[in-house]
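Working notes, beginning with the structure itself.
The values are calculated or read from the model by the stated rules, or taken from the named source; none is laboratory data. The shown structure was predicted, so the numbers you read here are calculated from the model rather than taken from an experiment. Every residue, glycine as well, gets a Cβ built from its backbone with ideal geometry; the counts of neighbours run over all protein chains shown. Ligands, DNA and RNA are stripped out before the accessible areas are found, and what is left, the full protein with its side chains, is counted by its heavy atoms. Shrake-Rupley method; radii C 1.70, N 1.55, O 1.52, S 1.80 Å.
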Amino acid sequence: MSDALVIIPTYNEKENIEAIIRAVFKQKKAFDILVVDDNSPDGTSAIVTHLINEFPEKLFIENRTEKNGIGTAYIHGFKWAIEKKYAYIIEMDADFSHDPKDLIKLYNACAKNDADLSIGSRYSKGVNVVNWPMKRVLLSYFASKYVRFITRIPVHDTTAGFVCYKRKVLETIKLDKIRFVGYAFQIEMKFKAWKHKFNIQEVSVIFTDRTLGESKMSGSIVYEALFGVLKLRLKGIPK
């Protein structure tokens, strides 16, 4: 058993899931993987289940009955990781937008450099995004600027989904009281960790847009993120 677990939420990721699993397992640092699948109709779960035979005690899957948002998928995975006593828990997308080679950077920030929460940041050193339309780059960049301005959180990439947590952070944050399920989920988790005075470090990474499969971005997710931060600022953090 590794001390670090990579959680990969999936919905219709058959084009990517085997490749991303193999890429994570090829890293010099040993990571375990938990796939949280939201009943993908394309057979994603079956691919993972087959691979478990090849990677026993390293690859795991939790099957949920319906698609309820990336936030609830991660919370499901967080609770599983806490129960299994992993020291470090990492969020990662299935579509290679997050480079598996950067896993060690996030891990080392927490394991060696005293971070409680490390963020694979697109915006801590300029704008490190590849293959995104300019409209989407601007939306994402200024959304993070907006969040930082409203909440005062000292983080450049507040919507980042490539994140490593020490277990104590997830044990401290009341996961059952997380309000948001889309991109605002990522903001809320960082905001609450900051309010609890955990040490947050950003690690510069290059984000590459998916080449296979379909994006899960929607207007409702953007709306939740834009207006959710106002609620966070006004209401603060529930104790």
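Write out the GluC sites (Glu not before Pro) in region 30-84 meeting two conditions: DSSP loop, and at most 15 other Cβ atoms within 10 Å of their Cβ.
Here the GluC sites (Glu not before Pro) that fit, given the DSSP loop and packing criteria, are Glu54, Glu57, Glu66.
Stokes-Einstein D for region 1-141 at 10 °C, 1.306 mPa s, Kirkwood Rh over Cα pairs, in µm²/s?
100 µm²/s
Under a cut-off of 18 Å between alpha-carbon atoms, report the aspartates and glutamates in cross-link reach of Lys105, not counting same-chain residues fewer than 8 places apart.
Asp3, Asp32, Glu91, Asp93, Asp114, Asp116, Asp157, Glu202
With r defined as the distance between the Cβ atoms of Thr172 and Asp3 and R0 fixed at 30 Å, what FRET efficiency is calculated, to the nearest 0.05?
Step by step, r from the Cβ atoms, then E = 0.95.
Counting each pair of different Cα atoms once, what's the Kirkwood radius of region 72-187 in Å, rounded to one decimal?
Here the Kirkwood hydrodynamic radius works out to 15.1 Å.
Of Lys58/Lys177; Lys125/Lys195; Lys28/Lys197; Lys29/Lys192, which pairs sit farther than 27 Å apart, going by alpha carbon to alpha carbon?
Lys58/Lys177; Lys28/Lys197; Lys29/Lys192
Taking the solvent-accessible surface of protein heavy atoms with a 1.4 Å probe, what is the per residue accessible area of region 53-208 in Å²?
That works out to 45 Å² for each residue.
Among the trypsin sites (Lys or Arg not before Pro) in region 1-105, which ones are in a DSSP loop with at most 11 other Cβ atoms within 10 Å of the Cβ? Mind listing them?
Loop-located and lightly packed - Lys26, Lys28, Lys85.
Hey, how many Å between the Cα centroid of region 162-197 and the Cα centroid of region 61-101?
13 Å
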